[in-house]
Amino acid sequence: MNRYKKLFSDTVILAFGTFGSKLLVFLLMPLYTALLSPAEYGTAELITSTANLIMPFACMGITTGIFRFAAERGNDQEQVFSSSVALLGGGLGILLLIGLPLHFFGNFSLNVGLVILYVLFADLQAVCAQYIRAIDRTRLFAWQGVFNTLVTILFNLLFLMVFHMGVTGYVLAVIVGNFLTAVLLIFTGRLWRVFRPSKVKKETMRELFRFSLPMIPTTVCWLITDLSDRYFVTAICGETVNGIYSAAYKIPTIVNLVSGIFMQAWQFSAVAQSSDDGECSRFYSEVFRGFLSLIFIGTAGLLLLSRFLCRLLLNIDYFDAWQYMPTLLCAAALEAVVSFLATVYLVKKKSMHSFLTAVAGTGLNILLNALMIPEMGALGAAIATLIGYGAVYLLRLWDVPRILPFRLYLPRQLATLLLLLASAAVMTIDPPGRLIWCGLLTLAVVALNLPALLQGLRGLLRQRKRT
């Protein structure tokens, strides 16, 4: 299949699967925020974020490694999967040895137990899902996401509305969803046939571990970037403000959602194209042009509608979240661009570069959190997150072209980012005529980026006609 047609087809399949499931989550946000107080919601988010922080350690970063090596042509996929499962088993075993004694420690026992269960089943589900994606079973990968969401929502309704389990029920629903999704993947993907103890090879495990090891601190850095502000806000401003700030992340998640759907399809295409540097550079340039336009136009539209979406999706107790959304939306746009640039590190197996650039942004984010939150409250946390992603963005703009040269469209990028920042400032400051000013800035973003997006779509259609 033509590479553009393949990328388009995979993106559409993943979009149907992922967007449908995430849309259900967004539509149920009013229910969650009605059943949980801001303090309870903040606590639940803190538990899940802490579990997400532990996950890369427990799985030894293997979720990225299994995809990279299983997707590469010529590799023994059974050997990659079997060796990855062996590494995962070792990591989860260490987690149990450390975590089980903590489960019986004081008042933290319940939360520790929830975190351990969350990590166990989330890592198992992630490894199975990434292998399914690597072997190009895109439809199954997409539908397992929908299944996970539906099961999680069903158990959320059961635990919150019927049994009134509060924070415990909210987290336990996610745990059950991950467990049942892992079972689904094992049986529908027949993964029990792929895993063979005889295929567990020390050499493959070493190669996987060498690639995956830098991915652990890289993943942790991104999680700390998101998590550190929650801890700082909780400590300085209280659990209620943290709950409102956590809810403010839900609208920017739309940008992460669109970016994530595309990245799942793009990573497979990029790895498959990695053998030819010249062709790979051209492919990157053409795809990056359209990706930038889509992310920038989408972010501008969400900035304009942020106050309306806040009223629509959040309970009245959470309405103050509108103050933080514009800044977090700009941070989400930068995160999307940073993620695209990171695929170069994935393709060229330069995981250490990914780590070094991420740790710089995380360190700056933590420093700014400590300085700005006491003065500005939760808005300071949002600004610190934006600046942290901005630092990584600049570092990768400088570093990535040295590994794989491709066109970055810098004038358009920088001009659009300035317009988005201006729009975010207008929405946050809330001056008279706010919507008029923000509308004009949105039109300017569209005027800068729509021609490039249309050009990319025309090129894609030409490619499809040729095949």
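Every read-out reported here was derived from the displayed coordinates using simple, explicitly stated rules and does not represent laboratory data. Predicted model only: the values in this text are computed from it and were never measured. We place every Cβ from the backbone using ideal geometry, glycine too, and count neighbours over all the protein chains shown.
Of note:
- Adding -39500 (n - 2.57) for every DSSP H run of four residues or longer, then dividing by how many residues the chain holds, sets the calculated 222 nm ellipticity at -29000 deg cm²/dmol.
- Using alpha carbons only, the radius of gyration of region 36-209 set against its Kirkwood radius gives Rg/Rh = 1.01.
- For MET165 and GLU375, the FRET efficiency from 1/(1 + (r/R0)^6), where r spans their Cβ atoms and R0 equals 41 Å, is about 0.60.
- Calculated log₁₀ intensity ratio I(q)/I(0) where the Debye formula runs over C-alpha points of the chain, q = 0.06 Å⁻¹: -0.26
- Note on the chain: with charges restricted to the Cβ of Lys and Arg (+1) and Asp and Glu (-1), its dipole about the Cα centre is near 1940 debye.
- In terms of its Cα atoms, region 357-421 spans 42, 27, 10 Å along the principal axes, sorted from long to short.
- Positive-end residue, region 214-467 charge dipole about Cα centroid, Cβ charges, pick of LEU420, LEU294, LEU379: LEU294
- Cα-Cα over 25 Å, subset of LYS202/LYS349; LYS250/LYS349; LYS6/LYS348; LYS250/LYS348; LYS6/LYS250; LYS6/LYS349: LYS250/LYS349; LYS250/LYS348; LYS6/LYS250
- Given +1 at the Cβ of Lys and Arg, -1 at the Cβ of Asp and Glu and no other charges, the dipole of region 36-209 around its Cα centre is 600 debye to the nearest 20.
- Volume per residue of the C-alpha convex hull in region 248-377, rounded to whole Å³: 108 Å³
- Cα extents of region 141-191 along the three principal axes, largest first (Å): 37, 15, 13
- Net lengthening on full extension, LEU150/VAL359 (0.36 nm per residue, minus Cα-Cα): 71.7 nm
- Region 282-316 and region 163-183 have their alpha-carbon centroids 30 Å apart.
- Cα centre as origin, Lys/Arg/Asp/Glu Cβ charges: region 214-467 dipole, Debye: 1140 debye
- Full extension of the chain between VAL12 and LEU97 yields a length gain of 26.3 nm, computed as 0.36 nm times the residue separation minus the alpha carbon distance.
- Per-pair calculated FRET efficiency, R0 = 41 Å: ALA447 and ILE403 via Cβ, rounded to 0.05: 0.80
- By the Kirkwood approach, averaging reciprocal distances over each pair of separate Cα atoms, region 214-467 gets a hydrodynamic radius of 18.9 Å.
- Among LEU185, LEU97, LEU309, LEU36, the ranking by other beta carbons within 10 Å of each residue's beta carbon, starting with the fewest, stands as LEU97, LEU309, LEU36, LEU185.
- Cα-based equivalent ellipsoid of region 339-467: semi-axis lengths in Å, sorted from largest, via gyration tensor: 30, 26, 10
- Lys/Arg +1, Asp/Glu -1 at C-beta; the chain dipole; positive extreme among ALA235, ALA44, SER82: SER82
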